[in-house]
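The values are calculated or read from the model by the stated rules, or taken from the named source; none is laboratory data. Just so we're clear, the structure is a prediction, and the values are computed from it rather than from any experiment. Here the Cβ is made from the backbone with ideal geometry for all residues, glycine too, and neighbour counts use every protein chain on show. These area figures cover heavy atoms from the full protein model, side chains too; ligands, DNA and RNA do not enter into them. Shrake-Rupley method; radii C 1.70, N 1.55, O 1.52, S 1.80 Å.
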Amino acid sequence: MEPRKGTALHIAKRPAPLFSIVHFFLSIFMLLVGCGAPGEPVPPTPPVPVAIKDLAAHQAGDGAQLTFTLPTNSVSGDKLPALPAVEILRGSVKPDGSADAKSFRVVYTIPGALVETYRAGGRVRFIDPIAPGETKSHPGGAVAYIVRTRASQKRASADSNVVLLRMFPVPAPIASVEARVTESAIELTWAVPSLTAAGEPVPNVTGYRIYRSEIHAAAPASPSQNRAPGKPEPGAELLGSSATESYRDTSFVFDHSYLYSVRSVIQVEANELESSDSQPVTVTPRDTFPPAAPQGVVAALLPGTAAGAQLVDLSWSINLETDLAGYHVYRSEQEGTKGQLVTADLLPAPAIRDTSVESGHRYWYTVTAVDRAGNESAPSAPVAVEVALPSP
């Protein structure tokens, strides 16, 4: 039916369903909550180690030995979760004696997994080799060093303090060291170096320093082989000095293994500089040296405890060897032969009484000394004893 003219169209309004109202407010709530929710997870910021402040350097042969303390905390004060990697940077020096900041370049990186092998006495020690030809061209020329550490690839620590080091030509390493084992010493000898590593005549050598490290059973036979770059000889300690091309080590212990190296020493501008290590020599001294033959053996024929029995009382001067284990006494009925042991066990004291002699026999006694390594001395001078028949 058409509406009448002049009459407004009337549309009836229905109340909104309850479900629609709830859905509307729920959407608004979710929108508001969603605006405050975090986005994608952000990875934690990697720790940045604190800067090294105690870098020091000195010339070690044809290289620069750097020493410093490894940081254990980050700049935020937290403990580092692992040992950081170390970057060694070398730079040049300006004519005014200051380091050229733009010249520093990384010359070596010590991975964090290997840093511990460079530590000694709580400090990291690293030797940066300098080409002998470079030192020859600029004797006394200076190089600059800084180090920094890295707990991640993203960011390194701040630079350490800068150190400057003057480098001078030093004698070439001694080519070989000979070792000879004696009863009281390991005797080392070597040849006098005549040239520097760059082939120039060597400055006057003022002496030599001998270094020794002990090789334990679990260690490789030659610790100098396959050593990581820049790593000093492990465990090497200054044993002594010598003004000549020889040295006697009297502080060794038999059956222990030692590694020796020798460095030449020169005087440069009131400073003593050492060459690099010689070719090392490994020595395991064995005790093959018997004690001295006992001296002053005397024998006396004495009456035994039983009627008509006799015994021989033997004594001699005590040996002075510090590793003496005891004595053997031999008895023979034929002059010039060693005979048989009087007792199977070693005698701890320089005396014995032989109660097994028989009347009417003549005996020759000799005594030997035995050390703890089982080395037996030559026999003493023989002493003869005549066991007379008992009187009727």
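Assorted remarks:
- Amide H contacts of G207 (H built 1.01 Å from N, under 5 Å, at least 5 apart or other chain): V265
- Backbone N under 18 Å from the N271 label point (7 Å along Cα→Cβ), restricted to segment 133-166: 133-146, 162-166
- Amide H contacts of L70 (H built 1.01 Å from N, under 5 Å, at least 5 apart or other chain): V124
- Per residue, the solvent-accessible area of segment 256-365 (1.4 Å probe, heavy atoms of protein chains only, all protein chains present) comes to 53 Å².
- Here r is the Cβ-Cβ distance between T288 and S241 and R0 is 30 Å; the resulting FRET efficiency, rounded to 0.05, is 0.50.
- Segment T189-R105, length gained on full extension (0.36 nm per residue, minus Cα span): 26.1 nm
- Virtual spin-label span in nm between T305 and V162, 7 Å along Cα→Cβ: 9.3
- Prolate/oblate/rounded label for segment 43-155 (Cα gyration tensor, a/c 1.5): prolate
- Our coupling estimate for segment 110-122, obtained by passing each phi through the Karplus curve with A = 6.51, B = -1.76, C = 1.60 and θ = phi - 60°, is 9, x, x, 5, 10, 4, 4, 6, 9, 8, 8, x, x Hz, Gly and Pro reported as x.
- Estimated [θ] at 222 nm from DSSP helical runs (n ≥ 4, -39500 (n - 2.57)) normalised by residues in the chain, nearest 500: -2000 deg cm²/dmol
- Once both labels are positioned 7 Å from their Cα atoms along Cα-to-Cβ, the gap between A56 and H216 label points is 2.7 nm.
- Cα-based shape type of segment 133-259, given that a ≥ b ≥ c are square roots of the gyration tensor eigenvalues and the cut on a/c is 1.5: oblate
- Table column - 3J(HN,Hα) (Hz), segment 282-294, Karplus curve with 6.51, -1.76, 1.60, x for Gly and Pro: 9, 10, 10, x, 10, 7, 10, 9, x, x, 6, 5, x
- The calculated FRET efficiency for A228 paired with A325, based on their beta-carbon distance and R0 = 35 Å, is about 0.20.
- Subset of K102/K154; K102/K231; K94/K136; K94/K231 violating a 23 Å alpha-carbon distance limit: K102/K231; K94/K231
- Amide hydrogen neighbours beyond the local backbone of T196, cut-off 5 Å, H modeled: A172, V202
- D by Stokes-Einstein for segment 195-340, Kirkwood Rh over Cα pairs, 20 °C, 1.002 mPa s: 102 µm²/s.
- Taken one residue at a time, the phi angles of segment 261-269 give Karplus couplings (6.51, -1.76, 1.60, θ = phi - 60°) of 9, 10, 10, 7, 10, 10, 9, 10, 6 Hz. Gly and Pro are set to x.
- Inverse of mean 1/r across different Cα pairs in segment 306-359, Kirkwood, Å: 12.9
- Zero-based 10 Å bins, Cα pair distances in the chain, whole percents: 4, 15, 15, 13, 10, 9, 8, 8, 6, 4, 3, 2, 2, 1, 1, 1, 0, 0, 0
- Projecting the Cα atoms of A191, P201, N161 onto the dipole axis of the chain, where Lys and Arg carry +1 and Asp and Glu carry -1 at the beta carbon, places N161 farthest toward the positive end.
- Among 94-101, 204-211, the order from most to least packed when residues are scored by Cβ within 10 Å on average: 204-211, 94-101
- Computed lengthening from T206 to H256, 0.36 nm per intervening residue step minus Cα-Cα distance: 14.9 nm
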